Amino acid sequence: MAEVRIVRWGVDDLALLRALNVPEVRAHTGGPETDEQVRARHERYLRGPGPRSGNMFTVVTPDGTTVGSVGFWPREWRGEQVYEMGWAVLPAHQGRGLATAAVRAVVAAARAAGDRRFAHAYPSVDNPPSNAVCRKAGFTLLGETEFEYPPGRLMRSNDWRIDLTAG
């Protein structure tokens, strides 16, 4: 099983966010953002943790290589207060189980926060790797749904849920 650690998002992580802003990584999330959007996202991540900025982390391998991002943030879903989770791994590091390890680590961080019972992830139905991450990380598939992402655009997603009070 792949090993990673997650490190709170920092000032120096703008370069990582820019490296993740490529068609291969953003294909299922509305495509690459403008540099202005990337800088605004970085500023939100720096303000975290918080209700508008979430809890964002870099994903670091045992040798110290930063390979991606992972995080969770509060949202309301179907009348319930939950966490939403998201992640991205640089193309050169995909397919090695790093995203699954990162999601397991961020589930533990969300569990430690102790203020929500469930966390959800909403990968596109057309994104087999991200759906596999959810399955391997212990999420339960609740079914397909329409999910707004990016803002103003509906996408067909799978609704995956994990119980933060279990395990």
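The values are calculated or read from the model by the stated rules, or taken from the named source; none is laboratory data. Since the structure is predicted, the reported quantities are computational estimates derived from the model, not experimental observations. Note that each Cβ is placed from the backbone with ideal geometry, even for glycine, and that neighbours are counted across all protein chains shown. Protein only, heavy atoms only, side chains kept; ligands, DNA and RNA dropped before computing areas. Shrake-Rupley method; radii C 1.70, N 1.55, O 1.52, S 1.80 Å.
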message: I'd like the accessible area for E43: 1.4 Å probe, protein heavy atoms, all chains in place, Å² to the nearest 10.
response: 90 Å²
- prompt: Over the heavy atoms of Y149, what accessible area does a 1.4 Å probe trace out, to the nearest 10 Å²?
  reply: 60 Å²
message: Could you give each residue of the stretch 14-22 its phi-based ³J(HN,Hα) in whole Hz, using Karplus coefficients 6.51, -1.76, 1.60 with θ = phi - 60°, and x for Gly or Pro?
response: 4, 4, 5, 4, 5, 5, 7, 8, 10
task: Using a 10 Å Cβ count of at most 11 others and DSSP loop calls, identify the longest part of the chain lacking such trypsin sites (Lys or Arg not before Pro).
output: 79-152
- request: In Å and from the alpha-carbon atoms only, list the Rg and Dmax of the stretch 1-89.
  value: 13.4, 42
message: On the principal axes of its Cα set, how long, how wide and how thick is the stretch 82-167? Give whole Å, largest value first.
response: 31, 30, 20
field: From phi via Karplus (6.51, -1.76, 1.60), per-residue ³J(HN,Hα) for the stretch 132-148 in Hz, x at Gly/Pro
entry: 5, 4, 4, 4, 5, 7, x, 6, 10, 6, 8, x, 7, 8, 8, 10, 8
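Expressed as a fraction of 2.2 N^0.38 Å, the rule-of-thumb size for a compact globular protein of N residues, what is the C-alpha radius of gyration of the chain?
0.96
Tell me, what is the per residue accessible area of the chain in Å², probe radius 1.4 Å?
Accessible area per residue: 52 Å².
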- line: Summing -39500 (n - 2.57) over every DSSP H run of at least 4 residues in the chain and dividing by its residue count gives a helix-only mean residue ellipticity at 222 nm, to the nearest 500 deg cm²/dmol, of -8500 deg cm²/dmol
message: Could you compute how much accessible surface V133 exposes when probed at 1.4 Å, giving the result in Å² to the nearest 10?
response: 20 Å²
